[in-house]
Every structure is written in C-alpha cells, then in structure tokens.
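Chemist: Mind having a look at this structure? Questions to follow.
The values are calculated or read from the model by the stated rules, or taken from the named source; none is laboratory data. Bear in mind the structure is a predicted one, so any value in this text is a computation, not a measurement. Ideal geometry is used to build each Cβ from the backbone, glycine not excepted, and the neighbour counts take in all protein chains shown.
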Amino acid sequence: MAKMVLAPQKRKWIGCIAAALIGLMAITPMLDAILDHLYVGKLDEAGHRYYDEALERSLYTYAVVRGINGIISVVQGTVIAAAPAGVGLSVAAGEILDPVNDLVERFSWVMLIATVALGIQKLLMEVGLWFGSSCLLPVAMFLVIVGIWRSTPWGVRIKTLGLRLALIAVIVRFGVPVMALASDRVYLLFLEKPYTEATRSLADINSEIRETSLGPSESPGGGSDSWWERLDALFDGSEGLGNIKERLAILQEKIAGYAQHTLKLAAVFLLQTVVIPLAVLWGLLRIVGFRWITPWLPVSTSA
C-alpha cells in the first residue's frame, strides 16, 4: 500500500527535477553548448550561410534588372526628345519600352518582398536562438513544475500550458533554421538551374542592349564619351531617322526574352522566400501540434 502511494510521489520528483534541470540549462549557456556539439550547431551554421547567400542573390538580381531598366529609361527619354524629327517615333518607342518598364516596376515589388522576407527570417533566426531557449523554455518548465504539484483542475491546466509553451519554444528555436535548410535543399535541387540561367540571360541582355544602343564612337577630342553622352548623340538626328528606327527594332529584338526570364526569377524568389517557409512552418505545426499534448493529460484529476 505504501509502495502505491510512494510511486506517484517519485514520479512527481523525477518530473520536477528534470524540468528544473532543463530550465536551469536553458537560462545558462549550458544548453546552447550541448546543442552546439550536436547536429543543431551545424543546422544553425547552415541557416546563417543560406540567408547570407540568398540575400546576396536577391541583391545581385535586383541590380541586374534595374540596370536594364536604367538603360531603357535613357533610351526612351532620348527617343522622345528626337520625336519631332519623325512622326510616330515616340509612339513606337513607347510601344517597345513601356511594357518593359512596367514589368520592371512589378518585379521590383517582388524583389522587395523577397528581400524583406529574407531579412525578417534572418532576424527571426537570431531572435529565436535566444527567445526560444532562454525565455520561453524556462517559463514553460516553471509552469510544468507548478502543475505537477497541483492536483486540482487548475494544476492540470497550468501543466498543459507549460507543455504547450515548451512546444512553442521548440518551434521558435528550431523553426527558422529548419525553414532555411528546407529552402536551401529545394533551391539546390530544383531552383538553382532556373535561377542561374535566367540571371545569365538577363546579364547578356544587359550587355547586348548597351552594345546595340550605344555603339562605339569617339568624342571630338579623340576620347571616349560616357555611354549616356554617346546615346544622346545617337538620337540627336546626326545619324539619321532611319538609323534610330533600326536601333529601336534591334532593341525590341534584344528585349524579347526579357519578360520570360524576369517571371522565372520572380517565381524562384517567391517559392524560396514565401511559399517554402510557410509550407515548412505549417508542417512543423502539424508534426508538433498542440493536439499531441492530449495523450499526456492524466485521466483523472483526483488526488
């Protein structure tokens, strides 16, 4: 009889000691040191590396696209200035270049969303490493200890709250690194090739537009002018209206594949920064869902 009365007390003491040890290790650097010696340390390192590389890719892509937009804007402005020399020249330039400018504006918003999302996820990773382990987990363990020694319904609720808070701490601590790892794997397996091909094609289009629109020319003093000065000289009527129309036709041919590559890049960044992280977060919530706590609850709340 004494043995049956003592067993629940032993379980309570074991549970309290375990919760107290976890809480103390979470407050001190001991828990982080233990995790660093396990695979978790490599997971955090891979997460930091992924976000650094992803931010670098997004900024490079944005620079390439904006570079094309800058050249086209200058071409459009100089053509409009030359419009009085030929009827319909300004309209033709608008038909060719306005859709590209509109696409660049929309792509700029996509890249802004992707870059901000990457920055937020990187910040959340830094915050989660501290907030999940050092703040939420000790509070959760304290609630578990209080709930263990309270046999009333309120004690059961406090214990349940502590267990749920512990699961939240796990998700906060490991959620963002897991999202980074999943996004990195998906990128390497499926998205790296489309991204590389699209950015290389846009860079080639950028170079071709510069060569086609500007062409080599010398300044009167024998030196090379800047590219926008040579562009202005090209459209000032000195090379003839026919040459301007010919250059516009070549320019239209060069930017024909611009929309396709831009949309491909937009899809890559939206998948990598929005869709995949949300899917991983949803999966974590399903795997470590609050409903898993139900089997842990005692059948009876009697003393």
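Chemist: Determine whether the range 172-182 contains at least one residue that is assigned to a helix (DSSP H, G or I) and either at pLDDT 95 or above or of a type in the set (Phe, Trp, Tyr) (or both). Lay out the reasoning, then the answer.
Modeler: To start, the set of residues in the range 172-182 that are assigned to a helix (DSSP H, G or I) comprises 172-182.
Narrowing the set further to residues that are either at pLDDT 95 or above or of a type in the set (Phe, Trp, Tyr) (or both) leaves 174.
For the range 172-182, residues assigned to a helix (DSSP H, G or I) and either at pLDDT 95 or above or of a type in the set (Phe, Trp, Tyr) (or both): present.
Chemist: Looking at (1) at pLDDT below 70; (2) among the small types (Gly, Ala, Ser); (3) closer than 20 Å to residue 184 by Cβ, which one does residue 81 not meet, given that it meets all the others?
Modeler: So the condition that residue 81 fails would be (3).
Chemist: While we're here: Of all the residues that make up the range 147-159, how many are out of contact with any Ser or Thr (no Cβ under 6 Å at 6 or more places or on another chain), part of a helix (DSSP H, G or I) and surrounded by fewer than 18 Cβ atoms within 10 Å (Cβ to Cβ)?
Modeler: In the first step, residues of the range 147-159 are kept if they are out of contact with any Ser or Thr (no Cβ under 6 Å at 6 or more places or on another chain); the result is 147-152, 154-155, 157-159.
Now restrict to residues that are part of a helix (DSSP H, G or I): 147-148, 154-155, 157-159.
Going one step further and asking which of them are surrounded by fewer than 18 Cβ atoms within 10 Å (Cβ to Cβ), we end up with 154-155, 157.
Qualifying residue count, the range 147-159: 3.
Chemist: Name the pairs: first residue in the range 105-134 and farther than 15 Å from residue 171 by Cα and free of Cβ contacts under 8 Å to residues at least 60 places away in the same chain, second residue surrounded by 19 or more Cβ atoms within 10 Å (Cβ to Cβ) and not polar (S, T, N, Q), Cβ to Cβ under 6 Å, at least 6 apart or on different chains?
Modeler: Sorted first by the residue in the range 105-134, then by its partner, the list stays empty.
Chemist: Filter the range 35-56 down to residues that are of a type in the set (A, V, I, L, M, F, W, C) and at pLDDT below 85 and give me whichever is nearest to residue 276 (Cα to Cα). Talk me through it step by step, then tell me what you get.
Modeler: Quick first cut of the range 35-56, residues of a type in the set (A, V, I, L, M, F, W, C) only: 35, 38, 40, 43, 46, 54-55.
Going one step further and asking which of them are at pLDDT below 85, we end up with 35, 38, 40.
Working: 35: 26, 38: 26, 40: 21 Å.
If we take residues in the range 35-56 being of a type in the set (A, V, I, L, M, F, W, C) and at pLDDT below 85, then 40 is nearest to residue 276 (Cα to Cα).
Chemist: Between residues in the range 247-272 that are within 12 Å of residue 110 (Cα to Cα) and free of Cβ contacts under 8 Å to residues at least 40 places away in the same chain and residues that are of a type in the set (S, T, N, Q) and not in a helix (DSSP H, G or I), which pairs lie under 7 Å by C-beta distance while being six or more apart or on different chains?
Modeler: none
Chemist: Run down 116, 144, 127 and say which single residue is assigned to a helix (DSSP H, G or I), buried (at least 16 other Cβ atoms within 10 Å of the Cβ) and not charged (D, E, K, R). Give the derivation first.
Modeler: Values: 116 fails: buried (at least 16 other Cβ atoms within 10 Å of the Cβ); 127 fails: buried (at least 16 other Cβ atoms within 10 Å of the Cβ).
It is 144.
Chemist: Could you list all residues from the range 160-206 that are of a type in the set (Val, Ile, Thr), surrounded by 17 or more Cβ atoms within 10 Å (Cβ to Cβ) and either under 18 Å from the mean Cα position of the chain (by Cα) or at positive phi (or both)?
Modeler: Listed by number, the residues that qualify are 172, 176, 178, 186, 199.
Chemist: Could you give me the residue pairs with C-beta distances under 8 Å whose first residue belongs to the range 1-24 and is under 21 Å from residue 165 (Cα atoms) and modelled with pLDDT under 80, whose second residue is among the basic types (Lys, Arg) and assigned to a helix (DSSP H, G or I) wherever it lies, and which are 6+ apart or on separate chains?
Modeler: Taking only residues 6 or more apart or on different chains, not a single pair turns up.
Chemist: Right, another one. Only one residue in 151, 183 is within 24 Å of residue 39 (Cβ to Cβ) and among the polar types (S, T, N, Q), so which one is that? Full working, then the answer.
Modeler: On the way: 151 fails: within 24 Å of residue 39 (Cβ to Cβ).
Every option except 183 fails the conditions.
Chemist: Taking the residues in the range 246-303 that are of a type in the set (S, T, N, Q) and assigned to a helix (DSSP H, G or I) as candidates, determine which candidate is modelled with the lowest pLDDT.
Modeler: 294
Chemist: Okay, next question. With the requirement that a residue be of a type outside the set (A, V, I, L, M) and farther than 18 Å from residue 138 by Cβ, what does the range 19-43 give you? Give the derivation first.
Modeler: We begin by selecting, within the range 19-43, every residue of a type outside the set (A, V, I, L, M); these are 23, 28-29, 32, 36-37, 39, 41-42.
Matches in the range 19-43: 36, 37, 39, 41, 42.
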